[in-house]
Amino acid sequence: MLRLSAIFISICMVLIAGSLGALLYFGLKVDPRTATIVALAALVAMAIYNMVDNRLRDRAVLGDQIADLSRGTADLSRQMAEMSRRIAAVESRVEQTVSRARGAVDPIAAEIGELGGLMRQLAETVAAHETMLGAPTGMPQPAASSPSSYYPAEEAAPSRPEPEPEQAPLALSETDAVSGASRFKGMSREQISAMIAQAADANRIDLYLQPVVTLPQRKVRFYEALSRLRTEDGEIVPAVDFVDIAESAGLMPKIDNMLVFRCVQVVRRLQLKSRDVGLFCNVNATTLTDGFYFKQFLEFMEANKALAGSLTFEFTQAAYRSFGPIEFESLAALADSGFRFSMDHVTDLRIEPKELADRSFRFVKVPASLLLNRVAAAQSDIHAEDLADLLARNGIDLIGERIESESTVVDLLDYDVRFGQGFLFSPPRPVRAEALQGAAPPPASPAGPAATRTLSEYLAASASSG
């Protein structure tokens with residue numbers, strides 16, 4: 001638009017100058033040269049006037065814009081000052097609110113700590129009274145989602161002799177259960193190996209279950225299957241006391257196959273009540289390298305791959321670090337059937353989550369004492385506070401185990417631990433006999449491993465007998 005007006009003004013100035021020259025030449029009889037000079041001078045004068053007028057007009061417009069910009073800047077400054085004042089007021093209110101919240105929470109935390117101490121004292125008092133009365137010791141089992149058919153009855157089974165009152169069948173604390181004194185004092189390794197082999201042949205390797213609960217709801221989400229050796233005298237021996245000797249004697253593959261068979265039966269019974277409850281089954285590293293037993297193991301698990309979502313095989317951190325090509329090939333074969341793995345007995349936090357996830361590990365169990373030990377955590381590659389988040393980014397859930405006090409639960413919640421396991425929730429309890437009725441494989445033939453029936457045959461036999 002401005003360009004058209006400028007062209008129109010230029011044309012008008014040319015026409016005016018031309019008209020003036022024509023008037024001088026034709027009307028006043030001025031010679032052509034003088035008329036032309038006068039016309040050009042008039043054109044130049046009009047052009048200069050138009051340019052000066054445009055400059056003055058532009059300067060006035062620019063002055064108005066600068067004045068508007070100054071007013072806008074002043075308004076913006078006033079708004080920024082008002083915003084700063086409001087932010088300062090909000091920060092002051094937030095600080096006051098946080099201080100009031102801390103003042104309200106600190107007494108509650110102190111009360112929770114005192115309540116945890118009272119609960120622990122109450123549990124110790126109840127345990128002492130039960131011991132005096134000759135009743136089996138143990139913490140109360142969880143109330144939520146606990147299939148009662150897997151816990152022991154009030155009376156002992158007829159085929160299982162009642163232990164003496166002073167011989168507690170289970171340790172009174174998680175620490176005792178993991179590192180208790182050996183029950184084989186005064187016996188040579190050959191005698192212990194023979195006793196373990198005899199117990200395995202006589203079907204005296206019992207299955208115990210300990211719940212893994214969600215935190216803080218404490219709803220049972222998994223069970224861990226644990227093995228206990230029952231002597232001829234009815235004494236219960238935890239796995240920690242005989243696994244090393246059984247492993248050196250080559251008995252663990254046979255024991256593992258027996259326990260895996262029972263775990264499958266338990267998973268089937270669990271799925272009849274709730275498909276949201278899974279089972280951890282401990283497997284020894286030697287089972288993965290035993291050609292005869294692992295072949296049976298793999299065939300049996302392939303036949304039961306429908307249970308892969310509810311059955312997780314568990315290995316210790318020390319065993320995983322000692323794995324070679326054969327063990328990893330065995331893990332891959334199980335993973336191809338859909339089964340997933342868990343790592344327990346973690347002694348340090350030097351963990352590679354990406355590597356574990358690539359090998360189908362979906363759970364890592366870390367003792368609560370290790371997670372909350374700031375000195376040990378500072379010497380690790382991963383800060384304990386970041387462990388749960390780091391594992392979760394790789395599809396692995398963190399489980400805090402060996403939990404024995406309420407204060408430990410409160411501390412673990414600050415570390416975003418979603419699952420917990422320990423004597424605080426329930427000790428390991430034996431599976432009832434009716435839950436495994438017809439599920440126990442017969443003892444191996446004296447002829448040697450070649451005469452041992454396969455797990456699939458055990459399953460067919462138990463199904464036909466049921």
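Straight-line cross-link reach from Lys185 at under 12 Å between alpha-carbon atoms covers these aspartates and glutamates, not counting any fewer than eight positions away in the same chain: Asp241. Each residue of the range 321-338 is assigned a 3J(HN,Hα), and the resulting list reads 5, 8, 4, x, x, 5, 4, 5, 5, 5, 4, 5, 5, 5, 5, 5, 8, x Hz, derived from the Karplus form 6.51 cos²θ - 1.76 cosθ + 1.60 (θ = phi - 60°), x at Gly and Pro.
Pop the C-beta distance of Glu111 and Leu69 into the FRET formula with R0 = 60 Å and round what comes out to the nearest 0.05. Taking R0 as 60 Å, the efficiency between Glu111 and Leu69 is 0.45.
Between Leu76 and Thr214, the distance separating the two model label sites (each 7 Å from Cα on the Cα→Cβ line) works out to 5.2 nm.
Once the chain from Asn373 to Ala318 is taken as fully extended at 0.36 nm per residue, the excess over their C-alpha distance is 17.8 nm.
As a calculated quantity, the FRET efficiency between Leu40 and Leu2 at R0 = 22 Å, using C-beta atoms, amounts to about 0.25.
Here the spin labels are modelled as points 7 Å beyond Cα on the Cα-Cβ line, and at Thr347 and Met119 they lie 3.2 nm apart. By accessible area, using a 1.4 Å probe on protein heavy atoms only, the range 315-368 has 51% of its surface on carbon and sulfur. Counting only protein heavy atoms and using a 1.4 Å probe, the accessible area of Leu270 comes to about 0 Å². Residues whose amide H falls under 5 Å from that of Arg418, counting only those 5 or more places apart or on a different chain, are Leu398, with hydrogens built in the peptide plane. Each residue of the range 406-414 is assigned a 3J(HN,Hα), and the resulting list reads 5, 5, 5, 4, 4, 5, 5, 4, 5 Hz, derived from the Karplus form 6.51 cos²θ - 1.76 cosθ + 1.60 (θ = phi - 60°), x at Gly and Pro. Net length available on complete extension from Ala89 to Arg432 is 117.0 nm, with 0.36 nm assigned per residue and the Cα-Cα distance removed. By the rule of a C-alpha distance below 19 Å, with chain neighbours fewer than 8 residues away ignored, the lysines paired with Lys254 are Lys295.
Between the range 74-118 and the range 355-400, the C-alpha centres lie 33 angstrom from each other. Need the list of aspartates and glutamates near Lys219 for cross-linking: C-alpha distance under 18 angstrom, and skip anything on the same chain fewer than eight residues off. Candidates past the 8-residue exclusion: Asp276, Asp397, Glu401, Glu404, Glu406, Asp416. One chain, two ends: Arg393 and Lys354. Fully extended at 0.36 nm per residue, the span grows by 13.1 nm beyond their Cα-Cα distance. Taken one residue at a time, the phi angles of the range 201-212 give Karplus couplings (6.51, -1.76, 1.60, θ = phi - 60°) of 5, 8, 6, 10, 9, 8, 9, 10, 10, 10, x, 10 Hz. Gly and Pro are set to x. Based on Cα contacts under 8 Å between residues 6+ apart, the range 206-325 shows a relative contact order of 24 percent. Distances between placed amide hydrogens fall under 5 Å for Tyr223 paired with Val212, Gly278, Leu279, Phe280, all partners being 5 or more residues away or on another chain.
Let me have the relative contact order for the range 271-392, percent, based on Cα pairs under 8 Å that are six or more residues apart. Rounded, it is 22 percent for the range 271-392.
The values are calculated or read from the model by the stated rules, or taken from the named source; none is laboratory data. This is a predicted model, so every value here is computed, not measured. Ideal geometry is used to build each Cβ from the backbone, glycine not excepted, and the neighbour counts take in all protein chains shown. Each accessible area value is taken on the protein alone, full model and side chains, heavy atoms only, with ligands, DNA and RNA left out. Shrake-Rupley method; radii C 1.70, N 1.55, O 1.52, S 1.80 Å.
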